[in-house]
Structure formats: C-alpha cells, structure tokens
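*Asks:* What follows is a structure written as structure tokens; I'll ask about it next.
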Amino acid sequence: MTGIGLSPADRAVRLAIYRSFADLGRPASVGQIAAETGLAEADVRAAMRSLHDAHAIVLTPAGDAVRMAHPFSAAPMGFVVGADGTGPAGYAGDRMWWGGCAWDSFGIGAALGEPVVIRTRCPGCGRDLVLRAGPGQPPVQGPVVHIPCQASRWWDDVVATCSNIRMFCEPAHVDAWARSGSHAVGQVIPSVTMWRLAQTWYGNRLDPGWSARPTSAAQQLLEQCGLVGDFWRLPG
C-alpha cells in the first residue's frame with residue numbers, strides 16, 4: 001500500500017509525527033523530524049504544510065507546529081486517553097494522550113491496536129465519565145456522543161468541530177446542556193456506534209503506507225454504521 005497523493009517526503013514526515021504521538025503523546029518538533037527523516041528543516045516545514053492542505057494533519061494557526069494528527073491532539077480538548085495495561089506491542093500502561101473528541105478518543109485505541117481508558121466529563125451534568133474500550137472491546141452501553149454539525153462542515157474549522165464532539169451520560173443530558181446555554185443540537189448517537197466507526201476510520205493511521213481514503217469509501221464507512229442522510233453527507 002502506498003500513500004497515493006503524498007510525496008516521499010510527505011509520507012516520511014507524516015509517519016514521524018504519528019510515531020511521536022504514539023510513543024510520547026506529543027508531536028515531534030521540526031528539528032526532531034528533520035533528524036529522524038534526514039530532510040532539511042525547510043523541507044519538513046513544506047511537507048507539514050502539504051499534509052495540512054491534504055487534511056492529513058492540522059497545523060497551529062501560525063503554521064509552525066502540529067495541532068492535531070487525528071486521532072491525536074497536541075493540546076487538551078476534554079478527553080484524556082490512557083493505555084489500559086499492557087498492549088500487544090508490550091507497552092506499559094502508563095502512557096497518556098489527549099483525545100481530540102469522543103470519536104478521536106476511541107480512535108486512539110484503534111490506531112494503537114490496544115485497549116485504552118477514556119476519561120472525560122459530561123457537559124450536561126458535570127459527571128466524570130470513564131470508559132474502557134479497544135479494538136475488540138466496545139464501551140459499555142449508556143453514554144452517547146453529540147455531533148455538532150453536518151459532515152459537510154466538519155473541516156470548516158476542524159478544531160472547533162472536534163472540540164464539540166462530546167460524550168454525555170444519556171440523551172436527556174444533551175437536551176439539558178442545549179437548554180442551559182442555547183446550544184444547537186446536531187445529532188446524538190450511541191457511544192458504541194462512535195466506537196465502531198473509529199475502528200475502521202482510524203485503524204490504519206500508523207501504517208507507513210497510509211493514504212487518505214476516497215470520499216466514497218469514507219461515506220461507505222459512515223453508512224455501515226447506520227449514519228445515513230443529509231446530516232452525514234460528506235462534501236464531494
């Protein structure tokens with residue numbers, strides 16, 4: 001499998017960023033990526049910009065550092081994801097990552113191929129939520145995930161979109177949260193549905209030959225999880 005649409009430099013830089021997130025919980029710096037890949041720092045920056053434009057990573061507003069490499073975040077966004085014991089690669093269970101949202105938090109376990117513990121707080125009641133999940137381990141039934149806007153608008157401001165894909169104790173708490181702050185409600189889905197989508201959406205993010213799937217294939221993944229209709233229609 002090759003990274004169709006990505007240059008060799010793009011692929012090398014992308015992989016270095018993802019490996020740093022997986023191993024250290026944070027993105028590598030430009031200098032670190034240059035040392036790992038053998039590229040000049042100017043070429044690393046150019047590759048980072050190319051990856052950002054391709055929606056393969058998200059840069060900071062200044063464009064000089066990685067803000068997100070889905071499903072990983074370089075800054076707190078309401079979800080703390082920890083390794084749950086020892087995974088198949090033999091890692092100790094003391095590693096931690098910032099999850100960009102509920103979807104991304106399940107996606108971290110999918111990308112790593114190991115179980116994780118997800119910690120967040122219900123915006124509706126303030127209760128702490130702790131869920132265990134992994135590639136073969138769905139979360140407990142009960143919590144739900146709120147998706148704030150239509151799929152066609154996710155990348156209008158992807159950091160804002162991710163910041164608002166939150167987990168709630170139950171559907172009634174979404175309604176209470178909406179009333180308390182005049183928040184608009186998008187779609188509410190079971191956390192198990194979000195987990196199921198994350199397994200296929202993010203399961204190959206650490207593959208050296210990763211390439212972005214065509215829109216039609218991404219749409220099919222949504223449909224396979226029962227996410228159909230105009231709200232879930234990706235931009236062409």
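*Asks:* Look at Q219 and say whether it is more than 16 Å from S105 (Cβ to Cβ), of a type outside the set (A, V, I, L, M), touching a residue at least 12 places away in the same chain (Cβ under 8 Å) and surrounded by 16 or more Cβ atoms within 10 Å (Cβ to Cβ).
*Replies:* Answer is yes for this residue.
*Asks:* If only one of I33, I17 is in contact with a helix residue (DSSP H, G or I) (Cβ under 8 Å, 6 or more places away or on another chain) and closer than 17 Å to Y202 by Cα, which one is it? First the steps, then the outcome.
*Replies:* Numbers: I33 fails: closer than 17 Å to Y202 by Cα.
The unique qualifying residue is I17.
*Asks:* List pairs: first in the range 44-62 and on the phi > 0 side of the Ramachandran plot and in the same structural domain as L15 (by TED's automatic domain parsing), second modelled with pLDDT of 95 or more and surrounded by 18 or more Cβ atoms within 10 Å (Cβ to Cβ), Cβ under 9 Å, 6+ apart or cross-chain?
*Replies:* Close Cβ pairs (under 9 Å, with a partner that is modelled with pLDDT of 95 or more and surrounded by 18 or more Cβ atoms within 10 Å (Cβ to Cβ)) amount to H55/H70.
*Asks:* Mind listing just one residue for me: the one in the range 102-128 that is in contact with a Lys or Arg (Cβ under 7 Å, 6 or more places away or on another chain) and surrounded by 19 or more Cβ atoms within 10 Å (Cβ to Cβ) and, of those, farthest from S163 (Cα to Cα)?
*Replies:* Of everything passing the filter in the range 102-128, P115 is farthest from S163 (Cα to Cα).
*Asks:* Report yes if some residue within the range 144-162 is touching a strand residue (DSSP E or B) at 6+ places or on another chain (Cβ under 6 Å) and farther than 20 Å from L222 by Cα; otherwise report no.
*Replies:* No, the range 144-162 contains no residue that is touching a strand residue (DSSP E or B) at 6+ places or on another chain (Cβ under 6 Å) and farther than 20 Å from L222 by Cα.
*Asks:* So which residues in the range 205-234 are outside any helix (DSSP H, G or I), at pLDDT 95 or above and in contact with a Ser or Thr (Cβ under 9 Å, 6 or more places away or on another chain)?
*Replies:* Residues satisfying the conditions are C225, G226, L227, R233, L234.
*Asks:* From the list V117, V145, V130, V140, which residue is of a type in the set (V, I, T) and either under 30 Å from P235 (Cα atoms) or in contact with a His (Cβ under 9 Å, 6 or more places away or on another chain) (or both)?
*Replies:* From the options V117, V145, V130, V140, the qualifying one is V145.
*Asks:* Scanning for something of a type in the set (D, E, K, R) and under 16 Å from L197 (Cα atoms), does the range 155-166 turn up at least one residue?
*Replies:* yes
*Asks:* I need the strands (runs of 3 or more DSSP E) fully contained in the range 82-192, keeping only those with at least 2 residues that are of a type in the set (K, R) and either touching a residue at least 12 places away in the same chain (Cβ under 8 Å) or within 25 Å of D207 (Cβ to Cβ) (or both).
*Replies:* Strands (runs of 3 or more DSSP E) meeting the threshold: 116-121.
The values are calculated or read from the model by the stated rules, or taken from the named source; none is laboratory data. What you are looking at is a predicted structure, and each value in this text was computed from that prediction instead of being measured. Cβ sites come from the backbone with ideal geometry, for glycine too, and all protein chains shown count toward neighbours.
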